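K.L.:
Structure incoming, see below.
No lab work stands behind these numbers, since they all come straight from the coordinates. These numbers come from a predicted model, not from an experiment. For neighbour counting, all protein chains shown are included, and Cβ atoms are generated from backbone atoms with ideal geometry for every residue, glycine included.
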Amino acid sequence: MSQQEYGASNIKVLKGLEAVRKRPGMYIGDTNVNGLHHMVYEVVDNSIDEAMAGFCKNIKITMTKDGWIRVEDDGRGIPTAMHPTEKMSAATVVLTVLHAGGKFDKDTYKVSGGLHGVGVSVVNALSKDLKMTIYREGKIHYQEFSKGIPKSPLEVIGDAPRKTGTTIEFLADDSIFEVTSYNFETLAKRFKEVAYLNPFISITLEDEIKKVKEVYHFEGGIQQFVEDLNKDTPVSDAVAFSDRVDDVEVDIALMYNSTYTEKTLSFVNNIRTIDGGTHEAGFKAGLTRAIVKYVNNNANAREKDTKITGDDVREGLLAVVSVKVPEPQFEGQTKGKLGSSYVKPICQKLTNEKLDKYFEENPQQAKAIMDKALMAARGREAAKKARDLTRKKDAMTVGTLPGKLAECQSKDPEIRELYLVEGDSAGGSAKQGRDRVYQAILPLKGKILNVEKSRLDKILKSDEIRNMITALGCGIGEDFDEEKIRYHKIIIMTDADVDGSHIQTLLLTFFFRFLRPVVEKGYLYIAQPPLYRYKKGKNETYLKDNTALSNFLIENGAESFEFEGLGVNDLIDLLKTVSRYREMLLQLEKRYSLVEVLKHLIENSDLVKLEQSKLYEEVRSFIEEKGYNILSKSITEERIQLFVQTNEGLEELVIDDELFASPYFSEATYIYNKLIERDVSMFEGRDLVEVLEDIEGLAKKGAYIQRYKGLGEMNPEQLWETTMTPEDRRLLRVKIEDAEMASDTFTLFMGDEVEPRRNYIEEHAKDVEHLDV
């Protein structure tokens, strides 16, 4: 295809940009974090399409200091000539008309990454401002937009004889988006994947605020991808193969590690297919066939009797399946599953043939994979025997349910509830306090087995897990039948301390790995016992957390205060905002030294705009007023670094763009500015946080406030009132929003590898909210 063939006439139009600003969720999913990041993906997808067509090698994404996103590529540049039917520049059409672009023209892009075809026009509509610069045919073309409307026509602003490409800069509209700060890690994950899938391109991601810059260019492609995904002991080397059949390109890479879980990532035209589809099904069928054939031809006589299933060959598998398909068909609303049926036999045949050849040429690798599959099959058979044995034992006993289970009277699973309670003490209180009609109690003794490190046959030897499986009635593994589940509410109820959190995590790991349909059906919950009990005279109130306690104290204390010109309800509303402000200051205190200096900067926000030398003088003056001494200083254009002798000891204070951009500093500044927009003259210049603490102190006077650590501290009546009665209890329903991220998290925290876990803890130690030890 010659460059000249990509012209204005290639831009096909499907009209209608109306309603994008009115109903943005229809186009980008939501107006929260996901939708905000989706805006970046839409712009970058256009550059990726150019790369896949063979005309773009470098893409740079920049998160600027002032909240803009800039995407630059060295492709051919969006066509700038007049559009044949729209009577405006083709580039303006792409930016202002929904469903306009080269991907609708089969000659321009054989394969396109964008699924929805809404693309950059939606980004334009949802941006406060957008700037487009095009380098094409020796000229620099430029146009600006505001909320999707052009400020002026596309115009030539200079010459660029040797440069081609497109630069889009946009500022997300904060009147539409609930959040407007981007997460570097979220963007990095997406663009890193794209760089693995397209080894011929280089993607640069830069965050100007955090001063982080990463370049993603992986010449090893998806073979390097699976190697980098592997965080455990490898069982085999990585192997990759690819082919092209008609217009379908297939790239597959796989390896095995020592875990018991499978991780297969599949992509269609660079877009992740979370729910798999025909390409993934074809790969898995080909993999099973190749390994079973190798076992039949090479295993010894005893091993050949072992029946191997698809699940067995995928134990410990890491695989990436990437296909490039013209006009793919997808299933479901989320477009996360490929439905094009002709792709399955292509992937199946390729996988089977290439693995047959690989096994023949690499007998050592083939044997390692065969042994892994045989071991998985033996484990599955051992688990089946353990289940059969359990059923036989149950048949011989008078009652099949575990002895510790306090069963309920109702037989209707839809209203029955099973409480999994930590320890016999809390279990005893729960048994006495429950409603026997529909609430069953199963006490768990100590910490259950960590299933992340075990195969099913070992798991079934654990009494606590066997008791749970028997109580639930739905079986596990091959015997699982969700129709037989005996409770539609399974409630984990543990103490609010470290041990309780650990038990909760162990149980969540078990349900996620072995009873995931129970979670997906919405049957799993976590009880939220109150953190505080407030008692004053005969009145007693239970409060769920710190915010609830603060709000309760404000509401009680405010009634005893009178401020001229401010009613009780207005005072309560104001103080709740002050409480949020105080919470942001507490979060800053965990992360930074000398929070009183940061508070001074927040409450005098004009100081942040000063040049460094003047800002330093203001900070120095404030520090000296506090009676502290500055022992050393370093002032550059980027940061002010001070070592200050305080009453508590030596403190390091760093003031830079990273501090000002931190979510807690930004939120604290926003809340404080909202506060001072109101009339607070009645407080006569007093610090608002001090006013709040005085009013809370009045509500605390003569009251007893108990902070609960364990369920055992409550008697049966208290447990019923606070945690078990449907009218007053708080339950959190466990949902799987991102199965891949959840799986990675369980592997990180519950798996065998210690180093990644240690690194995570060191990095996030300051984010801990409550730590009861």
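K.L.:
Mind listing the long-range amide H neighbours of residue 126? Cut-off is under 5 Å, sequence gap 5 or more, other chains count too, H placed in the peptide plane at 1.01 Å from N.
P.N.:
Long-range HN contacts for residue 126: none found.
K.L.:
Quickly work out the residue 694-to-residue 463 label distance, labels modelled 7 Å from Cα along the C-beta direction, and quote it in nm with one decimal.
P.N.:
6.1 nm
K.L.:
To make sure I understand, if each residue's beta carbon is the centre and we count other beta carbons within 10 Å, what order do 246, 371 fall in, fewest to most?
P.N.:
So the ranking, lowest neighbour count to highest, is 246, 371.
K.L.:
To the nearest 0.05, how large is the calculated FRET efficiency for residue 435 and residue 258 if R₀ is 35 Å and r is the Cβ-Cβ distance?
P.N.:
The pair residue 435/residue 258 has a calculated efficiency of 0.15.
K.L.:
I want the local charge near residue 657. Using Cβ-Cβ distances under 13 Å, sum +1 for each Lys or Arg and -1 for each Asp or Glu among the other residues.
P.N.:
Counting the neighbours of residue 657, the net charge comes to -2.
K.L.:
Something else now. Quick one: if the Förster radius is 22 Å, what FRET efficiency do residue 327 and residue 85 give, using the C-beta to C-beta distance and rounding to 0.05? Present the calculation step by step, with values, prior to reporting the outcome.
P.N.:
Values: r = 23 Å, r/R0 = 1.04.
It comes to 0.45.
K.L.:
If you compute semi-axes √(5λ) of the Cα gyration tensor in Å for the structure shown, which of (i) 46, 44, 27; (ii) 46, 45, 24; (iii) 41, 36, 27 do you land on?
P.N.:
Identified label for the calculated read-out: (ii).
K.L.:
Let's test the formula: R0 of 25 Å, r as the Cβ-Cβ distance of residue 409 and residue 482. What FRET efficiency results, to the nearest 0.05?
P.N.:
Once rounded, the FRET efficiency stands at 0.60.
K.L.:
Using 0.36 nm per residue, how much length does the chain from residue 618 to residue 356 gain when fully extended, once their Cα-Cα distance is taken away?
P.N.:
The residue 618-residue 356 span can extend by a further 87.0 nm.
K.L.:
Counting other C-beta atoms within 10 Å, which of 741, 493, 724, 375 has the fewest, and how do the rest follow?
P.N.:
741, 375, 724, 493
K.L.:
Just grab the label-to-label distance for residue 219 and residue 244, each label 7 Å out from Cα along the Cβ direction, in nm (one decimal).
P.N.:
Between residue 219 and residue 244, the simple spin-label model gives 2.2 nm.
K.L.:
To continue, here is another question. In debye, nearest 20: dipole of the range 534-707 around its Cα centre with unit charges on the Cβ of K, R (+) and D, E (-)?
P.N.:
On the way: 22 positive and 35 negative charges, 167 e Å.
Charge dipole of the range 534-707: 800 debye, to the nearest 20.
K.L.:
Here's something else I'd like to know. Using the Cβ atoms and a cut-off under 14 Å, what net charge is assigned to the surroundings of residue 347, where Lys and Arg are +1 and Asp and Glu are -1?
P.N.:
Computed value for this residue: +1.
K.L.:
Where the centroid of each part is defined by its Cα atoms, how far is the range 486-548 from the range 707-739 in Å?
P.N.:
That distance is 5 Å.
K.L.:
Taking a label point 7 Å from the Cα of residue 233 along the Cα→Cβ vector, which residues of the range 432-462 have an amide N closer than 15 Å to it?
P.N.:
453-455
K.L.:
Show me the ranking of peptides 410-423, 351-364 by mean Cβ neighbours inside 10 Å, starting with the highest.
P.N.:
Ranking, from highest mean packing down: 410-423, 351-364.
K.L.:
OK, next. Hey, if you put +1 on the Cβ of every Lys and Arg and -1 on every Asp and Glu Cβ in the chain, which of 92, 743, 342 ends up farthest toward the positive end of that dipole?
P.N.:
342
K.L.:
Moving to a separate point now. Please report the spacing between the Cα centers of the range 245-283 and the range 595-655 in Å, no decimals.
P.N.:
Using only Cα atoms, the two centres lie 53 Å from each other.
K.L.:
Continuing with this model, one more query. About the Cα centre of the chain, what is the dipole size in debye to 20, counting +1 per Lys and Arg Cβ and -1 per Asp and Glu Cβ, all else neutral? Spell out each step's value before the answer.
P.N.:
Values: 106 positive and 129 negative charges, 603 e Å.
Dipole size: approximately 2900 debye.
K.L.:
Quick one: order 584, 88 by neighbouring beta-carbon count within 10 Å, fewest to most.
P.N.:
Numbers: 584 21, 88 14.
Ranking 584, 88 by Cβ neighbours within 10 Å, fewest first, gives 88, 584.
K.L.:
Only loop residues by DSSP count here, and only those with at most 14 other Cβ atoms within 10 Å; note down the trypsin sites (Lys or Arg not before Pro) in the range 637-698 that meet that. List each step's numbers first, then the result.
P.N.:
Values: sites: 639, 674, 678, 686; in loops: 678, 686.
Sites meeting the loop and neighbour criteria: 678, 686.
K.L.:
Quickly estimate the mean residue ellipticity at 222 nm for the chain, helices only: each DSSP H run with n ≥ 4 gives -39500 (n - 2.57), and the total goes over all residues, rounded to 500.
P.N.:
Mean residue ellipticity at 222 nm (helix-derived): -12500 deg cm²/dmol.
K.L.:
Please give the length that would be gained between residue 212 and residue 683 if that part of the chain were fully extended, namely 0.36 nm times their separation in residues minus their C-alpha to C-alpha distance (nm, one decimal).
P.N.:
Full extension from residue 212 to residue 683 adds 165.2 nm.
K.L.:
Follow-up. Residues with amide H under 5 Å of residue 489's amide H, sequence separation 5 or more or different chain, H placed in the peptide plane at 1.01 Å from N; which?
P.N.:
For residue 489, the qualifying residues are 418.
K.L.:
Further question on the same structure: Within the range 501-586, report the chymotrypsin sites (Phe, Trp or Tyr not before Pro) that DSSP leaves as loop and that have at most 16 other Cβ atoms within 10 Å.
P.N.:
Those satisfying the criteria are 561.
K.L.:
Determine the sum of side-chain charges near residue 214: Lys and Arg each +1, Asp and Glu each -1, restricted to other residues whose C-beta is under 15 angstrom from that of residue 214. Could you put the intermediate results ahead of the total?
P.N.:
Details: positive: 60, 189, 190, 192, 210, 211, 213; negative: 185, 193, 206, 207, 208, 228.
My count for the surroundings of residue 214 gives +1.
K.L.:
Would you work out which of 695, 552, 577 lies farthest towards the positive end of the dipole of the range 534-707, given +1 charges on the beta-carbon of Lys and Arg and -1 on that of Asp and Glu, about the Cα centre?
P.N.:
Sorting the options by dipole projection puts first 552.
K.L.:
Now for a different question. Just grab the label-to-label distance for residue 737 and residue 673, each label 7 Å out from Cα along the Cβ direction, in nm (one decimal).
P.N.:
Going by the 7 Å Cα→Cβ label model, 2.6 nm.
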